[in-house]
Each structure stands twice: as C-alpha cells, then as structure tokens.
There are 2 protein chains.
Amino acid sequence: MKKITLKEIANQLGISVSTVSKALKDYPDVSSATKSKVVELAESLHFTPNTFAQSLRSQQSKTIGVIIPSMVHYFFSSIIDAVLKEAEAKGYMVIIMQSNEDYELEKKQVKLLLDKGVDGILISLSNGTKDTTHLQRVIDFGIPLVLFDKISKLLKCSKVIINDIKASYDVVTYLINRGCKRIAYFRGDLNPQNSIDRFLGYKKALEDNNIAYDPALVYSTPNANFDDGYQTTKKALEEHQMNIDAIYTITDLTAIGAINYLNEKQIKIPDQIAVFGFSNWFMSSVITPTLSSVEQNAYKTGEKSVEILFHEIESKQKGEKYDYQTITIETELILRNSS
Amino acid sequence: MKKITLKEIANQLGISVSTVSKALKDYPDVSSATKSKVVELAESLHFTPNTFAQSLRSQQSKTIGVIIPSMVHYFFSSIIDAVLKEAEAKGYMVIIMQSNEDYELEKKQVKLLLDKGVDGILISLSNGTKDTTHLQRVIDFGIPLVLFDKISKLLKCSKVIINDIKASYDVVTYLINRGCKRIAYFRGDLNPQNSIDRFLGYKKALEDNNIAYDPALVYSTPNANFDDGYQTTKKALEEHQMNIDAIYTITDLTAIGAINYLNEKQIKIPDQIAVFGFSNWFMSSVITPTLSSVEQNAYKTGEKSVEILFHEIESKQKGEKYDYQTITIETELILRNSS
C-alpha cells in the first residue's frame with residue numbers, strides 16, 4: 001500500500017504541510033475548522049496512527065515546559081532535579097520558568113510555552129492564581145498538562161499531589177499526643193489548595209481531640225520564608241502572652257525562622273515550645289535543634305509528574321487515548337529534636 | 001530603495017530561505033562554502049546590518065541554554081534564579097540542563113542546544129571536563145557563549161568568575177591570624193580551575209606566613225557534599241591524631257558535614273577546631289555554630305553572566321562586533337561563630 005504523506009494531505013486541501021502537521025498535532029494556532037478537515041481527510045486516506053507517529057516524530061519539539069513558583073526553594077529545586085534527569089533520559093529538553101507566585105506572569109509564561117510549541121507542560125500554580133482559564137486552554141488544545149503540588153481541583157487533567165489534609169492531621173495529632181494544646185499554625189498564603197487542605201487537617205485533628213479551635217492561633221505567612229517565621233513567632237508570643245506550646249508551619253524554612261527566634265530568646269525547644277515544619281528540607285537535619293518535619297518526597301513528585309507527562313505525550317503521538325491520573329505521593333512524619 | 005529579502009537571496013543562489021537565514025545566523029548545520037556565498041551575495045545586494053537584523057529578528061529562537069553541574073545546590077539555584085528573572089524581562093526562554101559533573105553528558109547537551117538553534121549558551125563546566133573542543137565549536141560557530149564559575153582558561157570567550165586565589169588566600173590568612181597553624185583543606189574535586197585556584201591561595205597564604213605546607217593536610221572531596229565533609233573530618237582527625245586546628249572546605253555543604261561530625265564528638269568549635277566554608281549558603285547562617293564563609297554573590301554572577309550573553313546576542317543580531325569580557329565578581333569574608 002502506498003504510504004500517505006503529509007504533503008498529499010496538504011495538496012488535497014490546498015494548505016501548507018506545516019498547517020497539516022500542526023493540525024494533526026492539535027496546535028493552538030490552527031483553527032478548529034481546519035483541524036477537522038485535516039483529521040477527516042487523514043482518516044479517509046488511512047493515514048494510520050503508525051505513519052502518523054512516524055511523520056510527527058520528526059516534527060515534535062522534543063521540549064517540555066515547567067513552571068514553578070520559585071527556584072531557590074529546596075522542594076522545587078529537587079523537583080527540577082528529577083525532571084531534568086528523566087527528560088535527559090528521554091532525549092527531551094526542558095524550558096523552565098519561574099512565576100514568582102504571580103498570576104499575570106504565569107499566564108504569560110503558559111502562552112509563551114504554547115507559542116513555542118512545547119510537547120507538554122508541568123506546572124505548580126502560583127499563589128496568585130485563582131482563575132485557571134489559561135490552563136484550561138492548554139487542555140482544550142490537547143497539550144498534555146500535569147499539575148503538581150499546588151493544583152486546582154477545577155482543572156480536569158493529571159495531577160501529582162500529597163494528601164495534605166492527612167499529613168497535617170498526623171502532625172497535629174502527634175503534637176497533641178505529646179501534650180500540646182495551644183498549637184499555633186503558620187499557614188502560608190491563604191489561597192493555594194495545599195494551604196487550605198493543611199489548615200483543614202489542623203482543624204480536624206483539634207476537633208477529633210476535643211480541643212477548641214482558636215482562630216487567633218492561626219497566622220497567614222504569605223511568603224513562607226525565614227523572616228515570616230521569625231517575625232510571626234515574635235508576634236504570636238506577644239499576642240498570646242507566651243501561652244503557646246507548639247508552632248507548626250507550612251514549610252521548614254518558616255519553622256527555621258521560628259527556631260531562630262526561640263533560640264535567641266532562650267526559649268527551650270521542645271520543652272517550652274515544640275516546633276514542627278513541612279517538606280523536610282535538607283537543612284532541617286543539620287540545625288540545632290534538628291527540626292521535625294513531613295517528608296514530602298519532592299524528588300519522587302518530580303519523577304512521577306514527568307513520567308505521566310511523557311506517557312501522555314507518547315500516547316498522543318501514537319494517536320492513543322489516555323486517562324487523566326491523580327497520583328498521591330506518600331508522606332511520612334520525620335521526628336527530630338524540635339518536637 | 002527596494003528592500004532586499006531573504007527570499008531573493010535564496011532564489012538567486014537556488015537554495016532555501018531557511019538555509020539563507022541559517023547561513024546569515026552562522027548556524028552549524030550550513031557548510032562554510034554556502035555561508036561564504038550567502039554572505040557575499042547579501043553584501044553585494046546591500047543587505048545592510050539593519051535589514052539584516054530586522055529579517056533575523058523574527059527568526060531568532062529567543063531561547064538560551066544554560067548548563068550547570070547540579071541543580072540542588074544553593075549556589076547554582078541562585079544563579080538560575082537570576083538567569084530566569086533576567087531572561088523573563090528580555091522575553092527569552094531558558095532551556096536548563098544538568099551535566100551531573102559528567103563530561104560526556106555535557107558534550108551531548110551542548111550539541112543538543114546547538115541543534116535546537118539557541119541564541120546563546122551559559123555554562124559552568126562539569127568536573128569531568130578536560131577537553132573543551134565541544135565548546136570551541138560553539139565559539140567557532142559564532143554562537144555567544146559565557147562561562148561562569150567553573151571555567152577553562154583555554155577558551156576565548158566571555159567569563160564571569162571570582163578571584164578564587166585571593167578569596168582563598170584571605171580565608172587562610174584570617175585563620176592564621178586567629179592562631180591556626182594546622183589548617184586542613186578539603187579541596188573538592190582536583191580538576192576544576194576554581195579548585196586549583198583555591199588550593200593555590202591556601203598554599204600561598206601558608207608560605208607568606210612561614211608555615212610549612214603539609215600535603216597530608218589536603219584532602220580531595222570530589223562530591224563536595226555533606227557526607228564528604230563528615231567522613232573526611234573523621235579520617236583527617238584520625239590520620240593526624242587530632243593535631244588539626246582548623247578545617248577549611250571548598251563549599252559550605254562540606255563544612256556543615258565537618259561541623260556535624262565535630263558536634264557529635266563534642267569537639268569545641270572554634271576553640272579546638274575552627275571551620276570555614278565557601279559560598280555562603282543560606283543554611284550556614286542558621287546552623288549551630290553559625291558557619292564562617294566566603295560570600296560569592298551567586299545571584300550577581302548569574303545576573304552578570306546573562307547580561308553579557310544578551311549583549312553579545314544583540315550585538316550579533318545588529319551585525320556589530322563585541323569584545324569578550326572577563327568579569328570578576330567581588331567576594332567577601334563572612335565571619336560567624338565557627339571561626
């Protein structure tokens with residue numbers, strides 16, 4: 001049987017080869033009318049998935065895009081580490097962008113990646129992202145998209161997450177079992193789903209242990225950095241006249257800020273105040289006292305996210321359907337001297 | 001005057017527009033014979049630098065490539081942070097690759113970036129890189145290339161470095177002035193220029209202070225990680241029967257490994273043994289004791305490197321000559337409790 005080429009399809013429709021190729025790859029800059037015509041003709045000519053894949057293979061961008069909120073963050077640099085290693089093994093290049101937790105910038109970056117014709121996108125949402133239309137467009141264009149860590153429940157696509165409610169519930173239950181009753185929570189920015197879920201886990205653990213929830217013990221620490229931890233500890237201890245027996249934070253860096261303030265004031269950790277972080281940064285194992293935290297398996301999150309993305313890219317190239325997956329990465333309490 | 005287009009040049013030479021464009025952009029996949037013909041004709045048709053730039057502008061990849069040895073490293077993630085921010089401001093995308101200190105991988109990555117047609121490349125060499133032919137090719141092809149941190153003196157291109165000899169000399173002189181005489185040096189991998197230069201600074205400071213250089217006090221710590229620092233401290237103290245009064249290391253992470261071993265053995269820092277790192281990682285300011293280090297201004301290194309790269313890319317696009325620059329970023333001793 002004669003092999004059908006992109007050129008023949010292009011000639012029959014009176015459009016360019018590149019438009020045919022883009023239409024078959026479901027690129028955003030081809031109208032849906034043209035796409036329908038191309039796909040219809042391709043099918044009628046028995047342009048099979050195999051020759052499909054073959055023709056397309058050489059025209060892939062072999063590039064994926066990754067958008068993260070911040071680079072100088074142990075969690076995200078570990079994820080990027082995993083993504084680069086997996087991409088390298090598959091012969092893919094990786095364009096990395098940093099949204100700096102800014103919605104407008106993130107929107108622009110998604111558009112740039114689409115314009116560039118990347119084969120797929122991995123993203124952890126910025127704290128500023130409430131509207132997800134820009135990502136819905138990616139899905140609508142049929143470009144594989146995987147959300148990790150900071151996700152939106154509204155988007156139908158693959159996701160790699162942890163069970164934030166449960167992880168947070170476990171931390172607070174542990175602190176309560178150790179005798180803590182006045183547990184301050186530094187919850188990060190209010191908006192991201194993981195901030196909401198960890199807060200819910202905190203609240204549920206209190207309820208299940210018959211400890212009244214006191215909203216005055218919950219502080220927003222939007223930058224989730226060292227300084228947020230240091231300053232908020234100062235503020236919380238003043239506001240509650242030292243009547244706090246544990247500080248639990250959205251991330252280790254914030255907890256390390258808290259530890260530094262407590263050490264400076266010679267407040268004994270954990271005897272007077274216990275401290276518990278989240279994410280298990282490397283430095284948490286080398287500070288004094290060593291910090292208890294939640295191991296979130298960043299490397300595994302990166303590995304799994306890119307694995308799903310490549311599965312979707314390859315399925316699409318073969319013309320095969322794929323199901324969206326939601327993978328929950330296991331977390332683990334790491335108990336150290338701070339609690 | 002009629003505006004000359006790439007198409008006319010292509011028609012006259014009987015080659016494709018894309019070959020003309022590539023030839024004018026000095027792409028590697030066009031033969032030098034073709035390049036000469038194209039450039040000659042372009043000049044004879046008064047295809048001036050301006051229309052040049054204009055024609056080329058739309059055909060730029062607007063993408064740069066960055067190759068670093070490792071992502072999960074505070075120094076490099078700070079550099080990437082700066083590069084992404086500057087590139088964002090200029091509307092450039094950044095492909096990031098991680099050589100894992102492996103020469104073969106680095107070579108492959110440089111080739112991939114050239115094939116991809118990036119507008120310029122930033123690179124910090126892997127420890128395994130002795131032969132730099134792959135980078136000489138980049139220079140020969142006229143693709144802007146900027147080396148930073150781990151460089152090769154053999155390559156003629158722009159470089160952003162620190163004065164490693166001086167910085168290291170200053171650390172060791174400071175330790176000697178504090179009364180240290182038996183200063184162990186954990187020098188990282190033997191190969192990179194910065195490892196060589198820091199070692200030379202160490203040796204010169206000893207000589208200038210009439211302290212005999214003892215090669216048995218110098219240890220190679222090729223992974224320059226926490227474990228290298230921990231294990232090498234153990235080994236050094238055993239080999240020298242505790243007759244060591246300072247440990248100076250190639251990077252803070254290694255110094256933190258040393259501190260951890262000393263803390264475990266309840267050896268007093270700095271009274272019994274002082275510790276001095278290099279690179280001023282964030283965590284050095286929050287561990288116990290806080291670690292003295294050399295501020296290397298990673299962010300500024302990244303900023304300056306990408307600034308030079310964009311200058312060269314833009315000059316090339318305008319058809320203007322540019323000179324290679326070597327910029328030395330200032331360093332500073334950060335004195336903390338460990339010394």
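Computed values, structure above
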{"read-out": "Segment B:37-67, residues that are within 34 Å of the chain's Cα centre (by Cα) and at pLDDT 80 or above", "value": "B:S61, B:K62, B:T63, B:I64, B:G65, B:V66, B:I67"}
{"read-out": "B:G229, sole failed condition from (1) within 18 Å of the chain's Cα centre (by Cα); (2) surrounded by 23 or more Cβ atoms within 10 Å (Cβ to Cβ)", "value": "(1)"}
{"read-out": "Residue that is nearest to the other protein chains (Cβ to nearest Cβ), among those in segment B:122-144 that are free of Cβ contacts under 8 Å to residues at least 60 places away in the same chain and hydrophobic (A, V, I, L, M, F, W, C)", "value": "B:I123"}
{"read-out": "Residue check for A:K234: over 22 Å from A:S338 (Cβ atoms) and assigned to a helix (DSSP H, G or I)", "value": "no"}
{"read-out": "Some residue of segment A:118-127 being of a type in the set (G, A, S), surrounded by fewer than 21 Cβ atoms within 10 Å (Cβ to Cβ) and out of contact with any strand residue (DSSP E or B) (no Cβ under 6 Å at 6 or more places or on another chain)", "value": "no"}
{"read-out": "Single unsatisfied condition, A:D81 versus (1) in a helix (DSSP H, G or I); (2) surrounded by 20 or more Cβ atoms within 10 Å (Cβ to Cβ); (3) more than 9 Å from every other protein chain (Cβ to nearest Cβ); (4) of a type in the set (D, E)", "value": "(3)"}
{"read-out": "Residue check for A:I267: more than 14 Å from chain B (Cβ to nearest Cβ) and not in a loop (DSSP other than H, G, I, E, B)", "value": "no"}
{"read-out": "Test: residue in segment A:272-281 that is within 14 Å of chain B (Cβ to nearest Cβ), β-branched (V, I, T), more than 26 Å from the chain's Cα centre (by Cα) and over 22 Å from A:M71 (Cα atoms)", "value": "no"}
{"read-out": "Residue in segment A:306-320 that is closer than 18 Å to B:V72 by Cβ, within 13 Å of another protein chain (Cβ to nearest Cβ) and either not in a helix (DSSP H, G or I) or not hydroxyl-bearing (S, T, Y) (or both) present", "value": "no"}
{"read-out": "Condition check for A:G179: over 26 Å from B:P69 (Cβ atoms), in contact with a Phe, Trp or Tyr (Cβ under 9 Å, 6 or more places away or on another chain) and not in a strand (DSSP E or B)", "value": "no"}
{"read-out": "Only one of A:Q109, A:Q98 that is within 13 Å of chain B (Cβ to nearest Cβ), among the polar types (S, T, N, Q), touching a residue at least 40 places away in the same chain (Cβ under 8 Å) and surrounded by 23 or more Cβ atoms within 10 Å (Cβ to Cβ)", "value": "A:Q109"}
{"read-out": "Enumeration of residues in segment A:65-78 that are within 8 Å of chain B (Cβ to nearest Cβ), crowded, with 22+ Cβ neighbours inside 10 Å and among the aliphatic types (A, V, I, L, M)", "value": "A:M71"}
{"read-out": "Residue list for segment B:153-169, restricted to those being assigned to a loop (DSSP other than H, G, I, E, B) and either at pLDDT below 95 or touching a Gly at 6+ places or on another chain (Cβ under 8 Å) (or both)", "value": "B:K153, B:L154"}
{"read-out": "A:N191 vs. criteria closer than 26 Å to A:T221 by Cβ and either of a type in the set (S, T, Y) or more than 17 Å from the chain's Cα centre (by Cα) (or both)", "value": "no"}
{"read-out": "Matching residues in segment B:84-95 - criterion: being buried (at least 19 other Cβ atoms within 10 Å of the Cβ) and facing chain A (nearest Cβ under 8 Å)", "value": "B:L84, B:E88, B:M93, B:V94, B:I95"}
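The values are calculated or read from the model by the stated rules, or taken from the named source; none is laboratory data. Just so it is clear, the structure is predicted and the values come from calculations on it, not from any experiment. Here the Cβ is made from the backbone with ideal geometry for all residues, glycine too, and neighbour counts use every protein chain on show.
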